[in-house]
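Here you go, one structure.
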Amino acid sequence: MPDVVATDEAQRRPPGEEPGAGASAKRTGVPPWQQFIAKYGVLVALVVTIIVFSALKPHVFPTGSNLKAILEQFSPLAIIGFGLTVVLVMGDFDLSVAGMIGLGSAVVVSLMSKHGVNYLLAILIGLLVGVAGGAVNGALVAFAGASSFIITLAMGQVFNGFEYLITKQETIFQGIPNAYTQIATGTFLGLSNQFFIMLGVLAIIYLLLEQSTIGRFMYALGGNQEAARLSGIRVRELRTLGFMIIGVCSVVAGILITSQNDSQQPNSGMPFFLPAFASVFLGSAVLRPGRFNVLGTLVGAFFLEVISFGLTELSLSTSVILLVQGVILAGAVLLSRLGRAAT
Amino acid sequence: MSGEPLVSIRGLVKQYPGVLAVDGATFDIPREQIVGLVGKNGAGKSTVIKILAGAVQPDAGEILVDGRPASVHDPRQAEALGFGFMHQELEQFPLMSVAEKVTKGSNLPRHAGVLVSWRSMYEQARTTLADLDPTIDPRRPIDHLSIAQKRIVMIARALLARARLLVLDEPTTSLTDEEIKHLHAVCRKVRERGGTVLYVSHRLDEILSLTDTVIVMRDGQLVTSGPTAQTDRSKLIAAITGTGSGQTAAERRRARGIAGRPTGEEILRVTDVESDVVSKISFDLRAGEVLGIGGLVGAGRTELVRLIYGADPRTAGQVFVAGSAVDTTTPPKALAAGIVLLPEDRRNQGMVLDFNLRENVTLPSLSRFCRKRTPFPDRGRERGAARKMVERLSIRSSGVETPVRHLSGGNQQKVVLAKWLERGAKVFIFDEPTAGIDVEAKEEIYQLVEDLVKQGNGVIFISSEFSEMVAVCHRVIVLQEGRLVGELDGDAITERNIIELCYGHVGAVAA
């Protein structure tokens with residue numbers, strides 16, 4: 001091996017190789033088309049999708065009001081996706097999100113409607129329920145050593161049970177203060193408040209995952225838990241924190257959903273369950289291929305909402321929309337595998 | 001016919017990102033011989049093997065089998081050509097039985113062409129194993145076997161698949177002397193039956209005693225190839241390193257000026273540390289001292305240091321750093337007390353393979369790189385620190401943003417060292433820091449250990465190569481079956497004395 005000087009200059013050009021076209025493909029041994037798909041596949045698919053819908057429905061799809069509606073609707077989905085990104089980064093699953101969305105929003109709405117609690121206080125209590133539920137998940141997974149896949153599935157059921165206990169499985173639509181409804185339906189600078197709340201959550205999770213020490217530790221323990229532990233990282237505490245974050249994100253999404261609907265309907269979290277996971281997996285094939293990342297999740301959630309809007313506007317049925325979403329999730333998983341191979 | 005080599009490698013080239021792993025390697029593997037392949041880490045041995053196995057495609061060059069060009073695009077083709085492999089890292093389905101493992105890949109005996117005939121499968125496995133190691137029961141799950149037995153199972157599997165070339169990559173790592181002897185006997189048996197063995201090892205003693213031909217690679221190329229009888233240890237070392245000649249451990253020890261125990265203050269004291277594997281061990285360590293822990297595989301060396309570091313729970317025992325009792329029941333607490341552990345298994349415990357060099361180096365000390373009063377590390381400063389480490393430890397990489405999975409074993413080990421140096425400590429525990437790395441990198445690690453103790457730190461050094469403990473340690477304690485059985489100091493530290501303590505009766509303490 002020739003003397004490799006360990007500088008960044010050397011990284012750009014490996015020894016004994018001319019710089020120029022095709023060099024990067026030769027270096028990694030992965031065909032260039034595969035690298036391209038891994039890096040930009042999802043973005044290309046998004047653009048193509050937008051073009052197709054715009055061509056099919058030129059007066060409905062490519063309009064400002066449609067974009068505003070998409071931005072409004074995809075916000076709760078994205079928020080759940082951001083929270084899920086945090087746990088998935090650490091190699092954990094949280095299948096209790098739907099249950100937590102229902103429980104959190106049921107707590108908030110019933111406090112206001114049945115007990116006359118001030119809406120801000122009700123929201124605070126709801127968020128605390130998210131923290132507590134996440135802490136229980138985290139304790140069971142990180143401290144008691146249960147498999148996150150199974151235990152959160154069970155906990156989702158428990159959350160669901162509590163929700164029904166509170167609401168008696170009835171829709172609550174009376175006694176919800178106007179101020180609460182305004183949270184989701186109000187606008188700022190012509191865009192839905194939901195969009196800005198989503199941006200706020202995005203900013204926080206982005207700073208946490210991509211910029212802070214905690215995020216670095218989370219990625220480290222997702223990459224190699226034992227090495228992280230032996231490096232002095234508090235693995236159990238971090239995993240628990242992850243579940244608390246997704247707990248809070250679920251409740252925030254639940255608040256937006258009930259505020260938007262001006263009512264709390266039983267099991268309102270369920271429709272968000274699969275799309276939220278799909279957003280994260282789709283996102284792991286964007287920007288940083290093969291790695292769960294929160295900006296990717298943003299793109300993923302937006303993509304799914306574009307598809308769902310487009311298909312609805314083409315007057316296709318829910319069954320087709322579900323089908324397409326399922327296929328996209330499967331495709332996203334394959335894409336992110338490709339991304340891992342290419343890096 | 002027998003004059004013609006079994007396999008010829010012609011002008012093989014393989015480029016990885018930033019690293020030219022194989023650079024025009026050309027050599028022959030003569031048939032019906034045991035052929036040693038040696039070279040430093042990063043010399044290209046593993047890549048050549050991966051190319052033979054069909055796991056990696058070369059960028060240029062060809063492979064001739066029986067004089068005819070052969071293509072090896074995937075593992076199936078490699079098997080069809082008669083190549084069988086026993087890799088360094090054993091991938092196993094733990095619950096699969098020995099017989100399933102051995103017969104997998106060959107045509108499974110079947111009833112009516114569909115149902116697997118278990119009886120004839122066991123029979124097939126038994127006959128194949130009978131020659132190699134009759135004590136292995138084909139019905140046992142793979143997981144219940146010792147490492148040595150697992151390796152023999154993999155050899156049996158290759159033989160049953162009619163392998164003509166058996167490739168063994170570091171087959172004696174973590175084996176006891178007895179097991180090594182047995183494995184060597186198996187290799188000779190394979191040769192008697194007309195097979196050819198390509199034997200890759202860092203242990204020159206076994207290369208010299210076992211092989212017929214030895215091939216030396218350096219920097220991705222052939223350096224020399226010839227009959228083993230016409231070479232010796234120092235010639236081999238010279239060929240491997242490209243410089244100088246080999247010294248004995250005692251010579252190296254003298255060259256380093258290591259005499260008796262230094263007179264520094266006590267920096268670490270361990271009293272009555274106990275778990276289900278280790279029984280009541282006490283020792284102390286002074287500032288400026290390198291303490292070796294000797295013992296056979298399974299004697300409890302790794303277990304002991306993991307208890308001290310809090311990596312595993314201990315049932316009893318107290319740890320004192322610089323005279324005061326400290327809590328080291330978890331790794332973060334041990335770190336806070338000034339103890340670091342470089343774990344035995346670097347790939348699975350030492351680093352995050354998906355992380356780049358910078359991220360691995362700064363992982364245990366990340367908060368130090370944060371911008372003032374924020375939890376946000378400054379990547380520029382991290383990069384600076386990582387570059388300094390790259391320079392200090394002469395890590396070969398194409399930059400600090402290179403993922404560590406692209407580095408060679410020796411350089412990966414240096415990255416793990418770098419992360420603990422960056423963190424800093426009073427007591428450095430190194431568990432097998434030189435396992436599987438080349439002569440030059442080993443020298444650098446010895447130098448590093450010396451520098452650390454000169455700065456007033458204490459070092460605990462575990463190695464299965466006793467000669468290197470002789471070369472670097474001021475004092476050696478020896479464990480046997482979880483018990484401390486002896487202590488050697490000064491000139492009493494010789495390979496022979498260490499080995500005697502390892503095998504001696506519990507309670508007998510050598511001078």
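Any read-out appearing in this document is the output of simple, stated calculations on the displayed coordinates, not a laboratory observation. All figures in this text were calculated on a predicted structure; none of them were measured in a lab. Cβ placement follows ideal geometry from the backbone for every residue including glycine, while neighbour counts extend to all protein chains displayed.
Could you work out the local net charge near A:Asn66, counting Lys and Arg as +1, Asp and Glu as -1, over the other residues with Cβ closer than 13 Å to its Cβ?
Charge balance in the 13 Å sphere: -1.
Right, something else. Does the range A:190-343 come out rounded, prolate or oblate by the C-alpha gyration tensor, with a ≥ b ≥ c the root eigenvalues, rounded set by a/c under 1.5 and, if not, prolate when a/b is larger than b/c and oblate if not?
It comes out oblate by the Cα gyration axes.
Starting from the eigenvalues of the Cα gyration tensor, five times each then square-rooted, give me the equivalent ellipsoid semi-axes of the range B:7-245, largest first, whole Å. Could you put the intermediate results ahead of the total?
Working: eigenvalues 198, 87, 47 Å².
Equivalent ellipsoid semi-axes, largest first: 31, 21, 15 Å.
Moving on to the next point. Could you work out, residue by residue across A:230-242, how many beta carbons of other chains sit within 10 Å of that residue's beta carbon, and then give the average as an integer?
Mean shielding by partner chains, rounded to a whole number: 5.
With a Förster radius of 45 Å, plug the Cβ-Cβ distance of A:Ile204 and A:Ala55 into 1/(1 + (r/R0)^6) and report the FRET value to the nearest 0.05.
Here the calculated transfer efficiency is 0.75.
Give the residue from B:Ala386, B:His406, B:Phe376 lying farthest towards the positive end of the charge dipole for the range B:349-424; charges sit on Cβ (+1 for Lys and Arg, -1 for Asp and Glu) and the dipole is referred to the Cα centre.
B:Phe376
Suppose R0 equals 41 Å; then what is the FRET efficiency for B:Gln230 and B:Gln455 from their Cβ-Cβ distance, rounded to the nearest 0.05?
E(calc), rounded to 0.05, equals 0.35.
Kindly state, to the nearest 0.05, the FRET efficiency for B:Ile499 paired with B:Lys388, given R0 = 45 Å and r defined as their beta-carbon distance.
0.65
Something else now. Quick check: net charge around B:Thr315, other residues with Cβ under 13 Å of its Cβ, Lys/Arg +1 and Asp/Glu -1?
Counting the neighbours of B:Thr315, the net charge comes to -3.
Rounded to the nearest 20 debye, what is the charge dipole size of the protein assembly as shown about its Cα centre when +1 sits on each Lys and Arg Cβ and -1 on each Asp and Glu Cβ?
The calculated dipole for the protein assembly as shown is roughly 1060 debye.
Another question, then. Sequence-distant or interchain residues sharing an amide H contact under 5 Å with B:Gln480, placed H: which?
Close amide H contacts, sequence-distant or interchain: B:Val485.
Checking the a/c ratio against 1.5 first, then a/b against b/c, what shape does the Cα gyration tensor give for the range A:123-207? All intermediate terms of the calculation are to be shown ahead of the outcome.
Details: a/c = 3.04, a/b = 1.41, b/c = 2.16.
Oblate, because a/c is 1.5 or more while a/b does not exceed b/c.
While we're on this one: Using alpha carbon centroids, what distance separates the range B:183-218 and the range A:281-339, in Å?
Taking the Cα centre of each part, the range B:183-218 and the range A:281-339 sit 54 Å apart.
Same structure, new question: Can you grab the distance from the C-alpha centre of the range B:259-301 to the C-alpha centre of the range A:190-257, Å, no decimals?
42
For peptide A:214-220, compute the average count of partner chain beta-carbon atoms within 10 Å of each residue's beta-carbon.
Across the residues of A:214-220, the mean count of other-chain Cβ atoms within 10 Å is 4.
For helix A:213-223, what angle does its Cα long axis make with the longest principal axis of chain A, in degrees from 0 to 90 and rounded to 10?
Helix A:213-223 sits roughly 70 degrees off the main axis of chain A.
Using only the alpha carbons of the range A:183-233, determine the length spanned along each of the three principal axes and report them from longest to shortest in whole angstroms.
On the principal axes, the range A:183-233 reaches 50, 15, 13 Å in Cα extent.
Sticking with this structure for a sec: Within straight cross-link reach of B:Lys14, meaning Cα distance under 21 Å, which lysines are found once same-chain residues fewer than 8 apart are removed?
A:Lys26, B:Lys40, B:Lys45, B:Lys50
Please arrange A:Ile205, A:Ile80, A:Ile245 by counting, for each residue, the other beta carbons lying within 10 Å of its beta carbon, fewest first.
A:Ile205, A:Ile245, A:Ile80
Along its principal axes, what span do the Cα atoms of the range B:349-424 show, with the longest given first and each in whole Å?
For the range B:349-424, the Cα spread along each principal axis is 38, 24, 21 Å.
Checking the cross-link filter: which lysines have an alpha carbon closer than 23 Å to that of B:Lys181, excluding same-chain neighbours under 8 positions apart?
Partners found: B:Lys150, B:Lys189.
Now a separate question. Where does helix B:147-160 land angle-wise versus the long Cα axis of chain B, in degrees 0 to 90, nearest 10?
Approximately 20 degrees, to the nearest ten.
So how far apart, in nm, are the two label points at A:Ser65 and B:Ala130 if each is 7 Å from Cα heading toward Cβ?
8.7
Using the alpha-carbon centroid of each, what span in Å lies between the range A:75-106 and the range B:414-463?
When both Cα centres are located, 44 Å separates them.
Something else about it: Say a paramagnetic label sat at a point 7 Å from the Cα of A:Ile150, along Cα to Cβ; which residues of the range A:89-117 have their backbone N under 19 Å from it?
Counting backbone N atoms under 19 Å from the label point, the list is A:91-97.
Only Lys, Arg, Asp and Glu count, each charged at its Cβ (+1, +1, -1, -1), so figure out the dipole size of the range B:7-245 about its Cα centre, rounded to 20 debye.
460
Find the Cα radius of gyration of chain B, compare it with 2.2 N^0.38 Å by division, and give the number to two decimals. Could you put the intermediate results ahead of the total?
Values: Rg = 24.3 Å, N = 511, 2.2 N^0.38 = 23.5 Å.
Chain B yields a ratio of 1.03.
Of the options A:Ile245, B:Ile63, B:Ala25, report the single residue whose Cα projects farthest towards the positive end of the charge dipole of the protein assembly as shown (beta-carbon charges: Lys, Arg +1; Asp, Glu -1).
Toward the positive end, the furthest listed residue is A:Ile245.
With a sphere of radius 12 Å drawn around the Cβ of A:Thr312, what net charge do the other residues whose Cβ falls strictly inside it have (Lys, Arg +1; Asp, Glu -1)?
-1
Sort the following peptides by mean Cβ neighbour count (other Cβ atoms within 10 Å, averaged over residues), highest first: B:411-419, A:129-137, B:380-388, B:66-74.
B:411-419, A:129-137, B:380-388, B:66-74
Report, in deg cm²/dmol and to the nearest 500, the calculated mean residue ellipticity at 222 nm for the protein assembly as shown, where each DSSP H run with n ≥ 4 adds -39500 (n - 2.57) and the sum is divided by the residue count. Don't skip to the answer; put the middle values down first.
Values: 32 runs with 418 residues, N = 854.
The helix contribution divided over the protein assembly as shown gives -15500 deg cm²/dmol.
Give me P(r) over the range A:69-342, computed from all C-alpha to C-alpha distances, binned every 5 Å, as integer percentages.
1, 6, 13, 17, 19, 18, 13, 8, 4, 1, 0, 0
List B:His144, B:His87 from most exposed to least, where exposure is judged by having the fewest other Cβ atoms within 10 Å.
Ascending number of Cβ neighbours within 10 Å: B:His144, B:His87.
Would you work out the charge dipole size for chain B about its Cα centre, treating the Cβ of every Lys and Arg as +1 and the Cβ of every Asp and Glu as -1, and quote it to the nearest 20 debye?
With only Lys, Arg, Asp and Glu charged at Cβ, the dipole is about 1160 debye.
Assuming a ≥ b ≥ c are the square roots of the Cα gyration tensor eigenvalues, decide whether the protein assembly as shown counts as rounded (a/c under 1.5), prolate (otherwise, with a/b larger than b/c) or oblate. Intermediate results must be reported in sequence, preceding the final value.
Numbers: a/c = 2.02, a/b = 1.55, b/c = 1.30.
Note, shape of the protein assembly as shown comes out prolate.
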